[in-house]
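See structure below.
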Amino acid sequence: MRRPVFLLVAALFCATAVLILYRTFRLDYPLLPAAREQTWQLIVNVYLTPKGEESVLALALPLEHTGNAVVEERIFSGPYGFAIRTEGANRLGVWTGTGIGESEEITYRATIHARPRRAPTQSPLLGPYPPAVGEGERRLAEETAAPWLGLAPGPRLRAVAAFLADESEGGGPSAAAARGRWRVAQAKLSRMDAALALLRAADLPARPVEGLLPTADVHTRTARWVEAWTGRRWTGLNPETGEVYPETTPLLPLAVGGLPAVAARGAEIADIRWGLSRQAVSQWRLLYERIARSGHFLDRWSLLQLPPEFQGTFRVLLLVPIGALIISLMRNVVGLPTFGIFMPMLIALAFRNTGWLYGIAIFCGVLAVGFAVRTFLDRLHLLLIPRLAVILTLVVACFTVLALVGSKWGMREFMAVGLIPFVILTMTIERFFILVEESGSREALITAAGSIAVAVGTYGIIGWETLQLTFFIYPELILSVAGLQILLGRYRGYRLSELFRFRSLGETP
Amino acid sequence: MIGRGVRRLREAGVLGMNRRNAEYIMGHNPRSAYPIVDDKVLTKRLARRFGIPTPALYAVVENHGSIAGLAGLLGGLREFVVKPARGAGGSGIVLIRDRTEQGFVTQSGRVLTPDDFAYHLATLLSGVHSLGGTEDRAIVEALVHPDPVFAGVTVREGVPDIRIIVYRGFPVMAMVRLPTEASDGKANLHRGAIGAGIDIGAGVTLSAVHRSRIVAQHPDTGNPVAGIRVPSWEEMLLLAARATEMTGLGYLGADFVLDREAGPVLLELNARPGLAIQIANRAGLRGRLEETDRAPAALFATAASRVAWARQRFGRVAEQPAGSSPRG
């Protein structure tokens with residue numbers, strides 16, 4: 001008997017573990033769904049003044065392949081039509097339409113989550129020199145870069161950066177001379193082209209980038225920098241100062257490869273602002289956005305696919321088995337008496353609407369009134385079913401009075417009283433009365449207190465958001481709860497209350 | 001502290017509720033046998049076939065319609081007992097010792113008007129006192145006149161009853177439940193009656209338990225509870241031992257009353273006997289149950305051999321060779 005039980009429990013635990021590991025490692029689910037993640041909220045406001053012809057606005061949208069994940073996008077187009085076009089590595093939002101003549105506002109919002117692990121794996125090819133760089137500058141750049149070619153990509157980039165920052169030294173007199181000549185030559189070039197030429201000469205794939213620096217601010221202009229490929233990832237480099245942007249502060253590139261971040265045709269951009277703000281969003285929310293677009297079997301069959309109005313029910317429902325586990329624990333291991341198994345759980349669910357403090361007050365109040373009336377009814381010699389019907393009516397009457405009092409004083413907790421399961425309360429009054437009659441009021445009060453204690457504990461568990469989200473994303477966890485319930489069912493030891501009850505037997509005579 | 005408490009109980013061989021339910025009740029009591037013990041009408045019928053005496057059955061009230069006809073059915077009977085057929089814990093039982101112009105006189109001297117009496121029967125039929133709260137039958141049976149042996153430790157003309165735990169046909173533990181003022185003359189421990197352990201070997205009462213506390217005297221009469229020799233002990237043990245064959249239940253509690261004339265009479269059987277008997281006997285049940293499991297197979301054959309072995313094994317006062325230590 002014992003072996004199959006443990007095999008079954010082990011199988012349930014294993015199934016849970018396998019599903020969770022698959023979800024976290026293969027589908028990249030968060031292990032702690034309630035933990036908060038830092039994200040960027042980007043709001044781009046463009047005021048477009050049409051010039052009376054067809055107007056087109058091309059706005060570079062945040063890029064996903066640069067280590068950032070766009071989890072949510074919202075577009076308010078005004079009278080314009082909207083489409084997303086992919087151009088090379090870029091994503092362009094294109095608004096087209098014939099404006100009425102007045103300035104129209106176009107808004108783009110996105111939630112961007114920096115996920116450093118999601119880097120591209122394909123190595124880019126070495127591109128040509130920028131068009132502005134002539135033959136002579138090319139040779140000078142190659143001469144300047146020659147001493148760095150023996151270095152690994154990372155140090156090579158840092159050498160270029162140091163040179164741009166005028167901190168380069170060493171390499172003997174010939175290298176110093178080359179540096180001097182290059183400095184003269186680069187004065188004719190833009191800093192951007194100079195940096196690109198040097199990186200090309202140093203055999204590092206590089207591209208110009210237009211984007212936003214990660215500062216919570218309203219940017220009226222985009223920033224420009226250079227991205228160089230250092231073997232595994234793109235590294236940002238400021239061409240003006242030679243500063244290499246650290247990996248820990250991911251930049252927000254909008255357009256790469258020289259494409260402008262914003263361009264308009266047939267209209268004038270009256271004003272444009274990129275607003276960036278930090279926002280902590282739970283992993284759960286990020287996952288929610290991601291799963292909605294996933295085609296994987298487990299994602300398609302996730303509870304997150306339910307319409308939001310039904311999700312709330314399941315967030316609570318999935319925790320009810322834990323409540324049942326607690327009740328089993330209380331009764332079989334602690335030995336705390338309760339009115340049945342379901343009564344504390346249903347009361348706990350009702351507490352969600354009334355709050356536990358008001359819930360207990362209402363419960364005790366109605367129980368007291370019900371007990372008084374039941375004691376009186378006992379003298380009337382009513383038959384069982386009509387007697388229960390009278391108590392039921394009394395409970396409903398109490399609820400009505402409470403709701404009216406609540407509405408008079410504006411107390412929502414009392415108005416929600418109707419959601420307390422009245423049938424359960426009716427049966428509790430009857431059982432409480434019989435328990436008082438048969439085993440005394442002490443026993444009955446202990447049982448009522450036990451029921452309330454278990455209800456409050458269960459209420460705490462099912463209202464715990466972290467647990468709710470975890471079970472919602474990993475519903476397979478209830479298999480493990482069932483496993484624990486089975487294990488508890490095999491418990492043959494003493495109840496805590498029995499240590500007290502049989503204490504005289506433990507004393508040595 | 002908890003660990004020490006658990007170890008002490010385990011060493012004393014105390015049986016806990018969880019183990020009783022899972023191993024002894026689930027393990028030895030087939031569910032199909034429950035109706036026999038849960039319904040006292042069935043118990044009586046079967047007991048007669050097995051030659052186990054029970055109080056004479058006067059009438060069974062099946063439905064509300066026949067309540068009115070009951071008075072006629074009872075004829076000239078002046079004393080009888082009304083109880084639910086499927087009652088639990090002694091609730092709903094009314095002892096009638098006389099009939100007057102006003103109505104029925106109960107054991108405690110209260111007078112029930114015919115209206116009260118009919119209401120009580122209706123309550124029984126509604127199933128208020130029945131095990132599952134389902135509709136029930138009411139039975140009317142002969143009133144037992146208890147043997148005076150426990151008169152000194154009983155109040156209000158209550159009827160003391162003797163509970164014997166029978167495991168696989170072996171009587172392993174016994175106690176007598178003595179009514180008190182607090183229990184309103186009823187022999188139920190949770191209502192305040194006291195339970196005195198009975199030595200299985202000698203049939204002599206031991207110390208007693210009153211609301212989980214050990215007591216030496218009856219709380220109302222003040223007489224010592226220990227040392228009372230139960231008459232017809234051997235006969236009662238044999239009847240109890242045969243209840244296993246009768247019901248097919250491997251773990252049961254048999255409740256007897258000692259009638260002045262008829263001797264041991266079986267009141268009811270219980271498929272889920274309580275654990276307080278351990279406190280009354282100051283001994284653990286689990287040790288005795290496990291010892292019974294190790295008994296030689298040949299002993300299981302007859303009630304006589306089982307009783308003889310159990311008396312010798314679990315007795316601690318007499319019929320024990322000097323110097324052997326008491327169990328538990």
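The values are calculated or read from the model by the stated rules, or taken from the named source; none is laboratory data. Please read all numbers here as calculations on a predicted model, not as lab measurements. Here the Cβ positions follow ideal geometry from the backbone for every residue, glycine too, while neighbour counts run over all protein chains shown.
Would you call A:GLU142 under 36 Å from the mean Cα position of the chain (by Cα) and modelled with pLDDT of 80 or more?
Working: under 36 Å from the mean Cα position of the chain (by Cα): no; modelled with pLDDT of 80 or more: yes.
So A:GLU142 fails the test.
Checking the condition farther than 30 Å from B:THR113 by Cα and within 14 Å of chain B (Cβ to nearest Cβ), which residue from A:GLY340, A:GLY275 passes? If you could, list the steps in order and put the result at the bottom.
Working: A:GLY275 fails: within 14 Å of chain B (Cβ to nearest Cβ).
Being farther than 30 Å from B:THR113 by Cα and within 14 Å of chain B (Cβ to nearest Cβ) holds for just one of A:GLY340, A:GLY275, which is A:GLY340.
Taking the stated definitions as given, is B:THR244 in the same structural domain as B:ALA308 (by TED's automatic domain parsing) and not in a helix (DSSP H, G or I)?
Working: in the same structural domain as B:ALA308 (by TED's automatic domain parsing): yes; not in a helix (DSSP H, G or I): no.
It is false that B:THR244 is in the same structural domain as B:ALA308 (by TED's automatic domain parsing) and not in a helix (DSSP H, G or I).
What number goes with the only condition from (1) over 26 Å from B:ASP38 (Cα atoms); (2) more than 14 Å from every other protein chain (Cβ to nearest Cβ) that B:ASN270 does not pass?
Evaluating B:ASN270 over (1) over 26 Å from B:ASP38 (Cα atoms); (2) more than 14 Å from every other protein chain (Cβ to nearest Cβ) leaves (1) as the failure.
Mind listing whichever residues of region A:26-52 are outside any strand (DSSP E or B) and under 17 Å from the mean Cα position of the chain (by Cα)?
From region A:26-52, those outside any strand (DSSP E or B) are A:26-35, A:51-52; that's our starting set.
Scanning region A:26-52 gives A:LEU27, A:ASP28, A:TYR29, A:PRO30, A:LEU31, A:LEU32, A:PRO33, A:ALA34, A:ALA35.
Only one of these is within 14 Å of chain A (Cβ to nearest Cβ) and out of contact with any Cys (no Cβ under 7 Å at 6 or more places or on another chain): B:ARG19, B:ARG49. Name it.
Working: B:ARG49 fails: within 14 Å of chain A (Cβ to nearest Cβ).
It is B:ARG19.
On the given criteria, is A:ARG431 in a helix (DSSP H, G or I), surrounded by fewer than 20 Cβ atoms within 10 Å (Cβ to Cβ), over 37 Å from the mean Cα position of the chain (by Cα) and touching a residue at least 40 places away in the same chain (Cβ under 8 Å)?
yes
What residue, of B:VAL105, B:VAL159, B:VAL128, is in the same structural domain as B:MET236 (by TED's automatic domain parsing) and not polar (S, T, N, Q)?
Every option except B:VAL159 fails the conditions.
Quick one: A:PHE314 ticks every box in (1) in contact with a Pro (Cβ under 9 Å, 6 or more places away or on another chain); (2) within 14 Å of chain B (Cβ to nearest Cβ); (3) of a type outside the set (Gly, Ala, Ser) except a single one, so which number is it?
Of everything listed in (1) in contact with a Pro (Cβ under 9 Å, 6 or more places away or on another chain); (2) within 14 Å of chain B (Cβ to nearest Cβ); (3) of a type outside the set (Gly, Ala, Ser), A:PHE314 misses just condition (2).
Taking the residues in region B:99-119 that are buried (at least 16 other Cβ atoms within 10 Å of the Cβ) and assigned to a loop (DSSP other than H, G, I, E, B) as candidates, determine which candidate is nearest to the chain's Cα centre (by Cα).
Looking at the filtered set, the residue picked out is B:GLN107.
If we scan region B:176-185, do we find a residue that is of a type in the set (D, E, K, R) and away from chain A (no Cβ under 14 Å)? Working first, answer last.
Step one: filter region B:176-185 for residues of a type in the set (D, E, K, R), giving B:177, B:181, B:184.
Next cut, away from chain A (no Cβ under 14 Å) only: B:177, B:181.
Yes, the conditions are met somewhere in region B:176-185.
Looking at region B:22-46, which of its residues are assigned to a helix (DSSP H, G or I), exposed (fewer than 14 other Cβ atoms within 10 Å of the Cβ) and away from every other protein chain (no Cβ under 14 Å)?
The answer is B:ARG31, B:SER32, B:PRO35, B:ARG45.
Somewhere in region A:478-490, is a residue outside any helix (DSSP H, G or I), within 14 Å of another protein chain (Cβ to nearest Cβ), out of contact with any His (no Cβ under 8 Å at 6 or more places or on another chain) and at pLDDT 90 or above? Break it down stepwise before answering.
As a first pass, look at region A:478-490 and keep what is outside any helix (DSSP H, G or I): A:490.
Pick out the ones that are also within 14 Å of another protein chain (Cβ to nearest Cβ) and you get A:490.
Subsequent filtering for residues that are out of contact with any His (no Cβ under 8 Å at 6 or more places or on another chain) retains A:490.
Those left that are additionally at pLDDT 90 or above: A:490.
Checked region A:478-490: at least one residue is outside any helix (DSSP H, G or I), within 14 Å of another protein chain (Cβ to nearest Cβ), out of contact with any His (no Cβ under 8 Å at 6 or more places or on another chain) and at pLDDT 90 or above.
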